[in-house]
Structure formats: C-alpha cells, structure tokens
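Following: one structure in structure tokens, then a few remarks.
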Amino acid sequence: MEITSFLPPDIIRMIVSAVVIISFVFLNAMVMTYAERKLAGHFQRRPGPMEVGSHGLLQVIVDGLKLIGKQLILPKDVDRPLFRLAPLLAFIPVVLPFIVIPFSEKLQVADLNIGLIFILAISSLNGMAVLIAGWSSNNKYSLFGALRSVAQNIAYEIPILLVVLTVALMANTFSLKGLVEAQSGMWFILLQPVAFIIYFIAGLAETNRAPFDLSEAESELTAGFHTEYSGMGFSLFFLGEYANMFVVCSIATILFLGGWHGIPLPFLEYTGVFWFLLKVYALLFVMIWCRWTYPRVRFDQLMNLAWKYLIPFSLVNFIITAIVLVIVKL
Amino acid sequence: MKSETNTQQNQSFTLNMGPQHPSTHGVLQVILEMDGEYVLDPQPVLGYIHRMHEKMGESRPCRKFLPNTGRMDYVCALPFNHGYVGLIERAAGIEVPPRAEYIRVITSELNRVASHLLWLGAFLLDLGAFTPIMYSFDDREQILDILEEITGSRLTYCYFRPGGVYQDISDKFIEGTRAFIKRMRSRFSIYEKLVATNIIFIKRAEGVGVISPDMARRYGVTGPLLRGSGISYDIRKQEPYSVYSDFDFDVPVGENGDSLDRYKVRVQEMEQSLRIIEQALDKLPEGPYLGKAPKKIKLPPGDSSFSVEAARGELAYYLVGDGSEIPYRLKIRVPSYSNLSVLPELGRGILLADLVTIMGSFDLVIPEIDR
Amino acid sequence: MSGYFSEILTGGKSLLVGLGVTFKAMLQPVVTVQYPREKTDVTSSNYRGHIELVRNPETGSFKCIACGLCAKACPSECITVKSEKREGVKGKVLTVFQLDFTKCSLCGSCVEACNKGAIRFSQDYNIAGFTKEEFHYDLLKRLEEMG
Ligand code: SF4
Ligand code: SF4
C-alpha cells in the first residue's frame with residue numbers, strides 16, 4: 001500500500017501488502033459466503049442461517065473451522081501430487097490480481113502499465129487448476145466438469161478480451177489506474193452499455209457462476225470437478241471462486257463504473273475505496289441474484305451464446321468504437 | 001478411466017448414475033453408455049426399493065392392505081388409496097354414499113396438485129434453478145396442512161375406506177380449501193414469470209425428449225406424458241370413476257411431446273384440478289361419509305379391475321378373488337414403470353444434461369416403480 | 001435475422017422479469033417456521049400421532065374392555081392386549097396394552113375397530129429416539145402417568 005511507502009525497503013511494503021491482500025481474500029470469502037446464503041434464503045423466502053450468532057453471523061466462522069478440521073480424504077487411485085496441487089493452483093492466481101487492483105487513487109500495491117493484460121493472463125490459469133483437479137480425481141464426473149470448464153473458459157475469454165480492448169482503446173491505456181482516471185468525467189458504462197452487458201455475462205461464465213455453473217452442475221455432475229475434494233481442498237476452491245468473482249466484478253467496476261469515483265468524500269485518495277467496494281459488491285449482489293433465479297444453461301447453448309451472440313456483438317462494438325474514435329480524433 | 005473400452009467405431013465408456021445421484025430422485029440407477037458428453041444407451045436398473053407390496057396384498061385380508069397403497073407412491077397417495085378401495089367396492093359390490101365420493105374427489109385432486117407442485121420444484125432443480133422448489137413447497141405446504149386436518153397425516157395417507165372415507169370433512173377444511181384455491185390461482189403467474197417464460201428454461205426444455213404419439217402408444221405411456229404428446233387420454237374422462245362425470249373440466253394436451261409440453265400440461269392440470277375441487281365443494285351433498293360395508297369383506301370368485309388417474313398416469317389394480325377375504329392375486333399397474341420404459345429409446349444420442357431434463361420431466365417416483 | 005434480434009429482446013426481457021420475481025420475494029417476509037424455536041398450530045385435533053388409551057371420565061380409569069378387536073384389526077400386528085379375570089368385576093380387566101410403534105403405519109384401523117371408543121390418536125409429534133425399544137410404548141403406563 002502507498003501508506004507504507006515511506007518505509008525504506010520495498011520488501012516490507014511487499015510483505016504488508018501480501019498479508020493485507022490474503023486477509024482481504026479470506027474476509028471477502030467470508031462476507032460473500034454469508035451474503036450468498038442470507039440472500040439465497042431471502043430470495044426463497046427463507047431466513048437463511050439463523051442459529052450461530054445473531055442472525056447466523058458466526059455461521060461462516062464455524063463452517064470454516066469445520067472445514068479446516070475435516071479429514072482430507074485422498075481417494076484411491078487419484079494422481080496424488082496433482083490432486084494436492086490443484087486447490088493451491090486454484091487459489092494462487094486469484095490472489096495475484098489483487099496486486100494491481102486500484103482500490104482508490106492511492107490504495108494500490110503496484111500500478112503495472114499492463115495491469116489489465118496481467119489480470120487476464122493470470123485469471124486464465126484458473127482453468128488449469130480446474131482441469132488438473134478434474135483429471136487427477138480419477139472420477140468421470142470430475143473429468144466432465146473439468147472439460148466443460150476449460151471449453152467454457154476458452155470460449156468466454158474471447159468476448160472478454162474484445163470488450164476489454166474496446167475500453168482500453170477509449171482510455172488509451174492498459175494501466176488500471178489510468179483506466180479509472182480516464183473516467184473522471186463520464187463512466188464508460190454510459191458510452192459502452194453493450195460492452196458492459198457482454199462483459200458481465202462473460203464474467204459470470206468465466207467465474208463458473210450460475211446460470212453457467214456447468215463445471216459443477218449439481219444435478220448432472222453431482223459436484224463436478226471438486227466431487228472428490230473434502231475439507232480444506234474443497235474450501236480453497238471455494239475461496240478461489242469467491243475471490244475470482246471479486247476480481248471479475250472489480251474489473252467491471254474499473255472498466256465501466258468509474259472505479260473509485262463517486263460523490264467526493266474527505267481524503268478522497270483513500271476513501272475512494274468506499275465507492276469502489278460499494279460498486280463491486282453491488283455487482284456481486286447481481287451475480288448472486290442471478291444464481292438464485294435462473295436455471296442452468298446447457299453446454300451447447302453456453303457455447304452458442306458465446307460464439308453466436310457475445311463474440312459477434314463485441315466484435316462489432318469494437319469496430320464501431322474504433323471508427324468513432326478515429327472520426328472524433330480527426 | 002478404468003472401465004474405458006474400445007468399441008469398433010468410437011471410444012465409449014460406462015457412467016454410473018445413481019442410485020445416489022442428486023437428480024435420480026430416490027434410488028434409481030441408470031447405467032449410461034457414454035461417448036463424451038453424449039449418451040449412447042441409458043439402461044435403468046430397478047429394484048433398489050422393492051418391498052413386495054403385491055405379494056403382501058395377496059397374503060392379508062383386503063382391509064389390511066390399505067395402508068400399503070399409500071406407500072407405493074408417497075407423493076400422490078390418495079389416488080392410490082382410491083384405486084384400491086374402488087377395486088374392492090367393485091369386486092364386493094359395496095355402495096358408496098355420494099358425500100364420500102365427493103370427499104374422495106376433493107382430497108384426491110388436492111393431492112394431485114400437491115404432487116404436481118412437488119414435481120415442478122424438483123424438475124426445475126434438475127435444470128439447476130434452486131428457487132422455484134422453495135416457492136412450490138410453500139404452496140404444497142398449504143395443501144398438506146389442509147389434508148392433515150382431515151386425514152391426520154401429511155404424506156402417506158390412509159384415508160379412504162371401502163364404502164367411504166375415514167372421517168367427515170370439517171368446515172375448517174372447506175374454508176382452508178377455498179382459501180387455498182384462491183391463493184394458488186394467484187401463484188400461477190409467479191411460476192409463469194419465473195419459469196415458463198424464462199428463455200433459459202424454454203431453451204432447456206423445448207424439443208428435448210420428444211415422445212411421439214406412436215412411441216407413447218407402443219410403451220404404454222400414460223398421464224401427463226401421454227397428454228403432452230397430444231393424445232387426450234385421461235381416465236377421469238375416458239372411463240369416469242367415482243363422480244368425475246359430474247364435473248366440468250378440460251383435459252389439457254400438448255402438441256410436440258417435449259419436456260416443455262409436459263411442463264405446460266402439468267401446470268394446466270393443476271388449474272383444472274382447482275376447478276374440479278371448486279365445483280365439488282359447491283355441489284357437496286349431505287349424507288353419511290361412510291356407507292355400509294361388511295367388517296370382513298369376502299371377495300367373490302372371479303376377477304375385477306379398477307383404474308384411476310394418478311398424478312403420473314393410469315394406475316390400475318387387478319384382482320382375482322377366490323371367495324375368501326384374501327385376494328388370490330393382486331396386480332398393480334403403476335404409471336411410472338411404463339413411463340420410465342421409454343427412457344432407453346428416448347435417451348439415445350442425447351446430451352447428459354438432456355437426459356437429466358428428460359428424467360426430471362417424467363416425474364418419476366421410484367418406490368412406485370419398484371413397489 | 002429478425003428472429004435473431006427478437007430472440008435477444010424477448011429472452012432478455014424474460015430474464016429481467018425473472019429477476020423481478022425473486023427480488024420481490026426477497027422483500028417479502030420469510031415463511032419458514034423456525035422449529036423447534038417456533039411451532040405452528042397446524043396440529044389439528046385430527047392429527048394422527050401414535051395411539052393412546054382414552055380415560056373413562058366416570059371411573060377415572062381406562063375405557064378399554066380388553067376385547068382385542070383393535071389388535072385383530074391392525075395390519076401390522078403392533079398392538080398387544082392382555083387381560084385377566086378379577087373377582088367382582090364383570091368381564092375382563094386390561095393388564096397390558098402395548099404398542100410397537102416401529103411397525104405402526106398410522107392407518108387408523110384400530111381406532112375404527114374399537115367400538116367402545118377406548119383408543120384415539122395422540123397429538124405427539126415430537127418423537128425421536130436412539131433405539132427401537134424406545135418406541136415400544138406401554139400405553140397403560142402412559143395413561144397412568146398422564147394422571
Ligand atoms: S394405526 Fe394401524 S398400524 Fe397403527 S396400531 Fe392402529 S391398526 Fe395398527
Ligand atoms: S382398545 Fe377397544 S378394541 Fe382394543 S381391546 Fe380395548 S376395547 Fe377392545
């Protein structure tokens with residue numbers, strides 16, 4: 001964090017950041033689990049968790065303890081090293097993007113000038129983890145889930161890239177900070193509503209969230225790629241999923257919703273984080289809302305959606321944007 | 001992948017679905033021959049919950065078999081009760097007072113709505129939507145409360161008796177039923193908005209698992225599946241039993257025989273059931289609720305049969321008597337068994353996800369199949 | 001091509017409508033009853049719990065005359081009735097009335113069969129236990145305990 005920049009060695013700064021980021025990832029997962037369960041309950045006219053703590057507030061902590069305390073079952077005939085590696089691999093790439101996310105003007109660990117590309121590159125590693133998990137489990141259901149997930153990630157990375165490029169074209173930068181600063185006048189969602197919708201849909205698919213949760217489609221594949229995982233192995237996937245959701249939503253916020261911009265508060269360089277988180281969690285709310293409303297799409301429909309609708313639209317959108325930009329510059 | 005085998009043309013493998021699987025609803029096992037995500041040959045395996053109900057029926061006096069009937073199809077127990085008491089009444093020539101018949105119709109139809117509601121939720125759950133089941137359970141709970149009021153149970157009813165019903169209905173029951181009809185009518189629009197018009201749902205269900213009228217006839221498919229295929233066949237209309245001929249109701253039919261049609265048919269059936277209940281409540285005659293029936297029912301020699309329309313299709317009881325109290329032979333034709341038998345033909349060359357949709361749209365109740 | 005765009009429009013609209021339904025539901029009160037913290041009043045007087053003996057208001061004791069009709073009517077043979085002859089009392093006196101609730105299907109045949117109205121369904125639904133034997137009820141003792 002920038003606060004710590006007066007400390008001479010960069011190392012300390014890095015360590016502090018790492019600790020802050022990892023604890024944020026865990027905190028986010030806890031908040032999200034609680035929010036998801038509570039919201040799911042209320043969407044279905046149930047109260048959700050109620051028993052542990054007031055309104056079930058401590059439920060998440062208890063669940064976490066339970067997961068930590070559980071035996072790590074290693075089924076017979078699994079590929080041991082890979083089976084162990086997969087949850088870690090699912091967790092690490094979702095932590096790295098937090099390094100470049102500008103929570104507010106000054107709350108950013110490092111402002112890479114290729115921040116956007118960095119995030120996209122790192123988050124596609126996630127598909128790898130799922131594939132390894134599915135493959136090493138030696139379970140047909142897991143393998144199905146993994147294969148689906150990989151195909152899905154590849155298909156949906158294209159529209160995401162195209163949309164991101166469109167926005168980068170407008171801001172003329174790949175730096176996340178630069179992108180936000182470019183929106184100080186007007187948020188890009190107003191200029192690029194189509195791009196935003198495409199990004200959001202593709203983001204849902206990218207994070208394997210319902211209605212695109214094919215890789216863990218419960219009614220078809222029991223639990224998909226993490227069928228064989230228990231205890232912490234399972235919860236790392238879980239943490240990864242929520243962190244990934246957060247990353248996708250924060251990119252949406254940075255690209256379209258003006259990042260930390262909002263009604264000015266005192267110490268805006270730092271308090272912008274309030275607006276940033278508000279926007280991110282609003283998007284996350286929509287994600288949860290979608291999950292508890294829609295049925296799951298079928299695999300071929302998922303592919304159709306990407307190739308027949310999202311990619312053409314984002315391509316056309318990209319070209320139009322480019323032409324308009326050229327004309328405006330002239 | 002241990003069981004991977006090489007066939008001449010392609011690499012296919014066996015996937016074992018069930019008996020513990022979220023979408024086989026109970027203990028059905030389906031052994032799938034798969035090629036990638038495509039199902040080549042689904043083979044249902046039955047018998048995990050066989051309890052030899054038919055044999056029990058042949059070893060005890062017919063009154064003592066009554067509680068068993070409610071346990072074959074626990075989701076829709078009253079029509080199973082109805083079929084059996086109807087059979088005994090027909091075989092032994094027992095008169096049923098009109099009030100009892102009306103009560104039977106009202107409660108059976110309530111049970112049918114409850115069963116369809118449960119199916120609606122479970123079907124959507126199979127498709128990956130978690131919320132509709134909670135709404136439909138909310139509605140179903142109202143029916144269970146109403147039925148509990150007079151039958152004393154919430155699931156495995158044993159309410160009908162040869163010659164009538166166990167006890168009379170109360171004013172509270174009638175009020176509750178009328179309130180429920182009103183409530184349910186307002187709820188249909190929610191399901192319409194949340195499910196029936198939803199593009200994802202339509203895409204998932206439309207054209208999936210098309211049962212042609214010919215195929216339906218060949219396999220003896222009945223109930224909403226048959227009606228979804230466009231054949232208007234409903235025992236309540238075709239050979240009206242009880243007092244169904246007194247009521248004015250339609251038999252909804254589909255056009256294409258796909259999962260979407262089956263969904264529509266069932267939802268419309270719920271509306272029709274509400275209509276029947278309403279008419280029955282209006283016309284409810286006074287009189288005894290239990291007619292004269294001997295304590296020991298002697299079944300005269302010869303055979304008799306009785307069919308009713310259960311929520312899943314035609315339920316037929318067939319009985320051979322030999323003059324004693326105990327049936328010589330009892331055969332129960334349950335709808336889900338024939339309905340499930342289409343699966344191997346229907347499930348060839350489809351996606352795994354579609355197989356789940358199809359099985360969901362069949363509304364299978366495994367204990368009924370295994371008996 | 002027009003079908004392509006109209007499908008996007010109708011599809012998108014249907015998705016928004018769906019979101020509307022769940023959002024409305026979110027704002028409505030919950031319908032769950034937090035059992036066992038709250039209880040509903042649905043347990044009607046007709047609820048079928050396990051059977052119990054009925055007290056004769058005049059004598060303060062059971063009504064049952066130990067005729068055994070209920071035991072005979074029961075499809076699962078879960079009722080055991082035993083009796084003895086006593087000096088000065090007309091008929092038989094009930095000494096044992098046991099119910100094996102593990103086998104009972106709550107069919108109501110026994111209640112129907114008793115023409116003295118000596119048994120009825122109880123309203124107990126909070127029953128759970130760890131062993132089979134906990135459900136072998138001694139109904140006579142139960143009647144005495146109920147005071
Ligand atoms: S309710 Fe039925 S099964 Fe239970 S004791 Fe009475 S007769 Fe037997
Ligand atoms: S409860 Fe009724 S039927 Fe049973 S033994 Fe007593 S009096 Fe007879």
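Would you work out if region A:264-330 is rounded, prolate or oblate? Take a ≥ b ≥ c from the square roots of the eigenvalues of the alpha-carbon gyration tensor; rounded if a/c is under 1.5, else prolate when a/b is larger than b/c, oblate otherwise. Please list the in-between numbers first.
On the way: a/c = 4.97, a/b = 1.13, b/c = 4.39.
Oblate.
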(request) With the Cα gyration tensor of region B:190-229 in hand, give its eigenvalues times 5 under a square root as the equivalent ellipsoid semi-axes, listed largest first in whole angstrom. (result) 26, 11, 5
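Per residue of A:285-294, how many C-beta atoms from partner chains lie within 10 Å of its own C-beta, taken as a mean?
Average neighbour count from other chains, rounded to a whole number: 5.
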(request) Would you kindly give the portion of the calculated P(r) for region A:124-190 that falls above 15 Å, as a percent of all Cα pairs? (result) 63
(request) Take every residue in peptide B:349-356, count the Cβ atoms of other chains within 10 Å of its Cβ, and give the average of those counts. (result) 4
(message) Limiting things to C-alpha atoms, what are the Rg and the maximum Cα-Cα separation (Dmax) for chain C, in angstroms?
(response) 26.7, 99
(request) Write down Rg/Rh for chain A, rounded to two decimals, with Rg from the C-alpha atoms and Rh from the Kirkwood relation over Cα pairs. (result) 0.97
(request) Sticking to Cα atoms, compute the Rg of region B:204-253 to one decimal and its Dmax as the biggest Cα-Cα distance, whole number, in Å. (result) 12.8, 39
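What GluC sites (Glu not before Pro) in region B:225-323 are in a loop by DSSP, with at most 13 other Cβ atoms within 10 Å of the Cβ? Walk me through the numbers on the way to the answer.
Numbers: sites: B:E255, B:E269, B:E271, B:E278, B:E286, B:E309, B:E314; in loops: B:E255, B:E286.
Answer in residue order: B:E255, B:E286.
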(message) List the Cys residues of chain B that have no partner Cys with a C-beta closer than 4.7 Å.
(response) B:C62, B:C76
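Rounded, prolate or oblate, given the Cα gyration tensor of region B:178-315, with a/c below 1.5 counting as rounded? Before the final figure, lay out each step's value.
Values: a/c = 3.01, a/b = 1.41, b/c = 2.13.
Since a/c reaches 1.5 but b/c is at least a/b, the shape of region B:178-315 is classed as oblate.
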(request) Using DSSP to define loop residues, name the chymotrypsin sites (Phe, Trp or Tyr not before Pro) in region A:109-216 whose beta-carbon has at most 12 other beta-carbon atoms within 10 Å. (result) none
(request) Round to the nearest 10 and give me the degree value, 0 to 90, for the angle of helix B:131-151's Cα axis relative to the longest principal axis of chain B. (result) 20
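Could you pull out the longest piece of chain A with no exposed loop trypsin sites (Lys or Arg not before Pro) in it, calling a site exposed if DSSP puts it outside H, G, I, E, B and it has at most 16 other Cβ atoms within 10 Å? The partial results should precede the final answer.
Values: sites that count: A:K70, A:K76.
No qualifying site falls inside A:77-330, the longest such stretch.
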(request) Work out the length of the dipole vector of the protein assembly as shown about its Cα centre, built from +1 on the beta-carbon of each Lys and Arg and -1 on the beta-carbon of each Asp and Glu, and round it to the nearest 20 debye. (result) 1580
(request) Would you kindly calculate the mean projected area, averaged across all directions, of the convex hull enclosing the Cα atoms of region B:106-202, in square nanometres? (result) 6.6
(message) Output needed: percent of Cα pairs per 5 Å distance bin for region C:1-79, bins running from 0 to the one holding the longest distance.
(response) 3, 9, 8, 9, 10, 7, 7, 7, 6, 5, 6, 7, 5, 4, 3, 2, 1, 0
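Give the value in nm², to one decimal: projected area of the alpha carbon convex hull of region A:22-179, averaged over all directions. Write out the running numbers ahead of the final one.
Details: hull surface 49.8 nm².
Answer in nm², one decimal: 12.5.
List the GluC sites (Glu not before Pro) within region C:25-133 that fall in a DSSP loop (any state other than H, G, I, E or B) and whose Cβ has at most 15 other Cβ atoms within 10 Å. Could you put the intermediate results ahead of the total?
Numbers: sites: C:E38, C:E52, C:E58, C:E77, C:E84, C:E87, C:E112, C:E133; in loops: C:E38, C:E58, C:E77, C:E87.
Here the sparse-neighbourhood loop sites are C:E38, C:E58, C:E77, C:E87.
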(request) Based on alpha-carbon positions alone, could you give the equivalent ellipsoid semi-axes of region B:238-371 from the gyration tensor, as √(5λ), descending, whole Å? (result) 34, 25, 11
(message) Need one word for chain B: rounded, prolate or oblate. Basis is the Cα gyration tensor (sqrt eigenvalues a ≥ b ≥ c); a/c below 1.5 gives rounded, then a/b vs b/c decides.
(response) oblate
(message) How large is the Kirkwood hydrodynamic radius of region B:55-164, counting all unique pairs of alpha carbons, in Å?
(response) 14.9
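Just the ratio, please: alpha-carbon radius of gyration of the protein assembly as shown over 2.2 N^0.38 Å, N its number of residues.
Relative to the rule-of-thumb radius for its length, the protein assembly as shown sits at 1.12.
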(message) Averaged across C:105-118, how many Cβ atoms of other chains sit within 10 Å of each residue's Cβ atom?
(response) 4
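Read the figures in this text as sums done on the coordinates, not as results from a lab. Bear in mind that the values here come from a model prediction, so they are computed numbers and not experimental data. Ideal geometry is used to build each Cβ from the backbone, glycine not excepted, and the neighbour counts take in all protein chains shown.
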